[in-house]
Amino acid sequence: MKKIEAIIKPFKLDEVKEALAEIGIQGMTISEVKGFGRQKGHKETYRGAEYTIEFVPKIKIEVVVANAVADRVIETIVGKAKTGTIGDGKIFVSDLAQAIRIRTGESGDAAL
């Protein structure tokens, strides 16, 4: 099993969510997060005063999938979240040792 964590721009969430549903991904966890990468935040002007936003709002999507579909999920996220501009985000992929569905006690791929 793989845990896929994607940090994307907030306005891309619906596109990514719908595309993942189309390829059969049934569950995901979504979090509103803030951070910065290479762009180190950005400057904005409000009522004539310029100020720096150090932590940029992003969306974090977490999905746990079977190894067989991990590459397809990654390709789907990249395809839908990419704008070609700085700050598009990152995807982190981790091996997952175990998953257990609390209600039924199912484990491994059956728990997904």
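The values are calculated or read from the model by the stated rules, or taken from the named source; none is laboratory data. None of the values given here were measured: they were computed from a predicted structure. Cβ placement follows ideal geometry from the backbone for every residue including glycine, while neighbour counts extend to all protein chains displayed.
Tabulated values for the structure
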read-out: Answer residue from region 1-12, given it is in contact with a Gly (Cβ under 9 Å, 6 or more places away or on another chain) and assigned to a strand (DSSP E or B) and is nearest to A97 (Cα to Cα) among those; value: A6
read-out: Flag for E15 being part of a strand (DSSP E or B) and either of a type in the set (V, I, T) or surrounded by fewer than 16 Cβ atoms within 10 Å (Cβ to Cβ) (or both); value: no
read-out: Condition met for G27 (in contact with a Leu (Cβ under 8 Å, 6 or more places away or on another chain) and modelled with pLDDT under 95); value: yes
read-out: Count - residues of region 1-16 that are within 30 Å of A110 (Cα to Cα) and free of Cβ contacts under 8 Å to residues at least 12 places away in the same chain; value: 1
read-out: Residue within region 55-70 that is farther than 20 Å from V16 by Cα, modelled with pLDDT under 95 and over 13 Å from the mean Cα position of the chain (by Cα) present; value: yes
